[in-house]
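The values are calculated or read from the model by the stated rules, or taken from the named source; none is laboratory data. The model shown is predicted, which means the values in this text are computed figures rather than measured ones. Every residue, glycine as well, gets a Cβ built from its backbone with ideal geometry; the counts of neighbours run over all protein chains shown. Remember, those area values only see protein heavy atoms, side chains included, never the ligands or the DNA or RNA. Shrake-Rupley method; radii C 1.70, N 1.55, O 1.52, S 1.80 Å.
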Amino acid sequence: MNHGIGDLTAQAPRTFGKALLYGRRALALLCPTCGKTQLFHPWKNVKSLSSWFTPNDGCPYCGYAFEREPGYFLLAIWGVNYGVVALGGMALYFVLRYWTEWSPQLIFCLTVLPAPLLSILLARHAKSFFLAMDHFCDPHVRHKRKRENIE
Ligand SMILES: [Zn+2]
């Protein structure tokens with residue numbers, strides 16, 4: 001039986017090393033608990049926007065449920081994804097305004113027009129980092145106890 005691996009890491013104390021580990025797994029779009037399986041379908045198998053945005057149900061290796069409840073990733077999209085794209089675009093706008101002689105209209109187009117595409121491209125990583133951050137701050141280990149009761 002290989003269940004419990006994720007639960008053991010979740011129960012260990014929160015350390016900077018663990019935060020880095022979860023961050024690396026989030027960057028690679030891997031299960032935050034065990035780091036063995038992908039959160040999403042490979043990009044080659046994506047056939048629609050829905051399959052691009054939707055994570056897998058859970059990790060087949062450690063049993064970690066990626067979406068804890070309906071609407072779980074709402075904060076990931078609105079807080080993390082929109083925040084990074086909007087704040088990044090605003091910061092780039094002001095940097096270009098300060099350091100270049102370009103017209104404000106050109107700078108506006110350069111910083112605002114790519115935002116929707118960037119939002120789509122970064123949505124998976126926003127969800128992945130949100131999941132890793134949530135797992136770091138509030139690991140749910142109840143799943144293991146439920147499974148032990150069933151077995
Ligand atoms: Zn896993």
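Checking each residue of the stretch 131-151 against the condition of being open to solvent by less than 80 Å² (accessible area, probe 1.4 Å), at pLDDT below 95, touching a Leu at 6+ places or on another chain (Cβ under 8 Å) and under 30 Å from G17 (Cα atoms) gives at least one match. The residues listed here are H41, H3; of these, the one that is modelled with pLDDT of 85 or more and either out of contact with any Leu (no Cβ under 6 Å at 6 or more places or on another chain) or more than 14 Å from S128 (Cα to Cα) (or both) is H41. Count of the stretch 28-63 residues, restricted to those that are away from the ligand (no atom under 16 Å from the Cβ), under 14 Å from the mean Cα position of the chain (by Cα) and either loosely packed, with under 14 Cβ neighbours inside 10 Å or over 24 Å from W78 (Cα atoms) (or both), is 0.
Counting only residues that are out of contact with any Leu (no Cβ under 6 Å at 6 or more places or on another chain) and either assigned to a loop (DSSP other than H, G, I, E, B) or open to solvent by less than 60 Å² (accessible area, probe 1.4 Å) (or both), the stretch 67-97 holds 18 of them.
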